[in-house]
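Undergrad: The structure under discussion is supplied below as structure tokens; questions concerning it will follow.
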Amino acid sequence: MYKIKTYNKISKIGLEAFDDKYTVGDEVENADGAIVRSAALHDEEFPASLKAIARAGAGTNNIPIDRCSEQGIVVFNTPGANANAVKELVIAGLLISSRRVVSGIEWAKTLKGDGAEVGKEVEKGKGAFAGPEIKGKTLGVIGLGAIGVMVANAANALGMKVFGYDPYLSVKSAWNLTHNAVHIFDINEIFEKCDYITVHVPLTDSTKNVINAAAIAKMKDGVRILNFARGGLVNSEDLLAALEAGKVASYVTDFPSDDILGAQGVIAIPHLGASTPESEDNCAGMAAKELIDYIENGNIVNSVNLPEIVMPRSGESRICVIHKNIPNMLTAITGIFAGDNVNIENLLNKSRGDYAYTMLDVGKTDVSDVADKIGAIDGVIRVRII
């Protein structure tokens, strides 16, 4: 029997992936795995039993990644599961950044009570809310992951010229990206050439404040900026100064903060990017399947802190080892099997940064002694027998 702890309200449809071998709930103790949406786990004390955390969404800045790695806890996310939901809202953001729909709606409300004069007042005042069409304009997409590619393709279908920037463009994303998009290798070209700029990268030390005063200074006058990725990607102080100066025409974001709320030219949406029933179901289901495959088979897919590694089952037992990525580690591990006269039928080893993961299928059922010896090797963080 396995235990899964849920943080936040997780889609019941998604959780249906867990069969009767699993106990799932928010009051579960000594869990084997956890599913989280937006709950902050940085101050959470994790039990020794916890093997993995799955984020039902793409961003993982609410999870202490470094501490999880040190404790041998695999952290998963669900890239692409909410991509369509976010893409649709970004397209809406493009439109309302241009056509001043939001401010026009608010103005129309003020006409309540004017009776038969409303029609005349609408015709007289609507000119104040005119804005350009997006067809034929240039959109710069920073980050070509699942969401960025969908946005690029949708914008292309709407008649926009699309420039995309991503120094880490994956083969999968490249295949899915419209051939009409221009792949830019210098982010400054995005800043200099685009009428609209949308950001779709994770928040890291290197991407924090990627939209700042220096970047904005290179942009076209009247540029429109969209941020549906993470609030910290845009320097609010620099953005507000650019709006006041007229350099930036509008800023649409899914991440309201006190300093930007109510500012002229800002449209702050209350983090609705993935708030669709379809997205929540998809994210929860994908997270559940990732946990199940890791807990039951040791396979790692869509982890943010350990390498992707999948190996078909063979042999009587499988031993999974999370360890430091240091020289001679594999020799030390396999040497223990040789010393105990245990045959290794299959082996796979991959590394990611400071950490590595080794899976071994062996032709013996009782390998607890071998696992204990592996666990004693300097640099080994966690050993599991499946």
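Undergrad: Would you point out the residue of the stretch 150-159, among those that are within 18 Å of Arg224 (Cβ to Cβ) and free of Cβ contacts under 8 Å to residues at least 40 places away in the same chain, that is surrounded by the most Cβ atoms within 10 Å (Cβ to Cβ)?
TA: Checking each candidate, the answer is Ala152.
Undergrad: Taking the stated definitions as given, is Ala245 touching a helix residue (DSSP H, G or I) at 6+ places or on another chain (Cβ under 7 Å), surrounded by fewer than 20 Cβ atoms within 10 Å (Cβ to Cβ) and of a type outside the set (Lys, Arg)?
TA: When the stated conditions are applied, Ala245 does not pass them.
Undergrad: Continuing with this model, one more query. Which of the residues belonging to the stretch 203-217 are under 24 Å from the mean Cα position of the chain (by Cα) and either outside any loop (DSSP other than H, G, I, E, B) or under 10 Å from Gly232 (Cβ atoms) (or both)?
TA: Listed by number, the residues that qualify are Leu203, Thr204, Thr207, Lys208, Asn209, Val210, Ile211, Ala215.
Undergrad: Can you pull out every residue in the stretch 104-122 that is without any contact (Cβ under 8 Å) to a residue 12 or more places away in the chain and under 30 Å from Ile216 (Cβ atoms)?
TA: Correct list: Ile105, Glu106.
Undergrad: Only one of these conditions is not met by Met311: (1) surrounded by fewer than 16 Cβ atoms within 10 Å (Cβ to Cβ); (2) more than 28 Å from Gly25 (Cβ to Cβ). Which number is it?
TA: (1)
Undergrad: Further, regarding this structure: I'd like to check something: does the stretch 230-241 contain any residue that is assigned to a strand (DSSP E or B), in the same structural domain as Ser98 (by TED's automatic domain parsing) and touching a residue at least 24 places away in the same chain (Cβ under 8 Å)?
TA: yes
Undergrad: For residues that are among the basic types (Lys, Arg) and within 23 Å of Lys208 (Cα to Cα), tally how many sit in the stretch 61-110.
TA: Total satisfying the criteria: 2.
Undergrad: Condition check: surrounded by fewer than 21 Cβ atoms within 10 Å (Cβ to Cβ) and not assigned by TED's automatic domain parsing to the domain that holds Val90. Does Asp293 satisfy that?
TA: It is true that Asp293 is surrounded by fewer than 21 Cβ atoms within 10 Å (Cβ to Cβ) and not assigned by TED's automatic domain parsing to the domain that holds Val90.
Undergrad: Same structure, new question: Checking Gly72 against (1) under 24 Å from the mean Cα position of the chain (by Cα); (2) free of Cβ contacts under 8 Å to residues at least 60 places away in the same chain: exactly one of these is not met. Which one?
TA: The single condition Gly72 does not satisfy is (2).
Undergrad: Look at the stretch 177-199 and say how many of its residues are of a type in the set (Val, Ile, Thr), surrounded by 16 or more Cβ atoms within 10 Å (Cβ to Cβ) and without any contact (Cβ under 8 Å) to a residue 60 or more places away in the chain.
TA: The qualifying residues number 5.
Undergrad: Ile147 - would you say it is touching a strand residue (DSSP E or B) at 6+ places or on another chain (Cβ under 8 Å) and either free of Cβ contacts under 8 Å to residues at least 24 places away in the same chain or surrounded by 14 or more Cβ atoms within 10 Å (Cβ to Cβ) (or both)?
TA: Taking the combined requirement at face value, the residue does not satisfy it.
Undergrad: Just a yes or no: is a residue in the stretch 123-134 in contact (Cβ under 8 Å) with a residue 40 or more places away in the chain and surrounded by fewer than 23 Cβ atoms within 10 Å (Cβ to Cβ)?
TA: yes
Undergrad: Can you name the condition, by its number, that Ile10 falls short on among (1) under 26 Å from Ile381 (Cβ atoms); (2) among the β-branched types (Val, Ile, Thr); (3) part of a loop (DSSP other than H, G, I, E, B)?
TA: Evaluating Ile10 over (1) under 26 Å from Ile381 (Cβ atoms); (2) among the β-branched types (Val, Ile, Thr); (3) part of a loop (DSSP other than H, G, I, E, B) leaves (1) as the failure.
Undergrad: Continuing with the same structure: Which members of the stretch 325-379 meet the condition of being over 34 Å from the mean Cα position of the chain (by Cα), of a type in the set (Gly, Ala, Ser) and in a loop (DSSP other than H, G, I, E, B)?
TA: If the condition is that a residue be over 34 Å from the mean Cα position of the chain (by Cα), of a type in the set (Gly, Ala, Ser) and in a loop (DSSP other than H, G, I, E, B), then Gly363, Ala376 are the ones that fit.
Undergrad: Given the conditions (1) polar (S, T, N, Q); (2) free of Cβ contacts under 8 Å to residues at least 60 places away in the same chain; (3) touching a Ser or Thr at 6+ places or on another chain (Cβ under 6 Å); (4) buried (at least 20 other Cβ atoms within 10 Å of the Cβ), report the number of the one that Asn346 does not fulfil.
TA: (4)
Undergrad: Which one of these is in contact with a Phe, Trp or Tyr (Cβ under 6 Å, 6 or more places away or on another chain), modelled with pLDDT of 95 or more, in a strand (DSSP E or B) and surrounded by 12 or more Cβ atoms within 10 Å (Cβ to Cβ): Ile35, Ile4?
TA: When all the criteria are applied, what remains is Ile4.
Undergrad: If only one of Ala92, Ala181, Ala157 is over 21 Å from Gly273 (Cβ atoms), under 29 Å from the mean Cα position of the chain (by Cα), modelled with pLDDT of 95 or more and among the small types (Gly, Ala, Ser), which one is it?
TA: Sole residue among the options that is over 21 Å from Gly273 (Cβ atoms), under 29 Å from the mean Cα position of the chain (by Cα), modelled with pLDDT of 95 or more and among the small types (Gly, Ala, Ser): Ala181.
The values are calculated or read from the model by the stated rules, or taken from the named source; none is laboratory data. These figures come from a predicted structure and were not determined experimentally. No Cβ is skipped: glycine too gets one built from the backbone with ideal geometry, and neighbour counts run over all protein chains shown.
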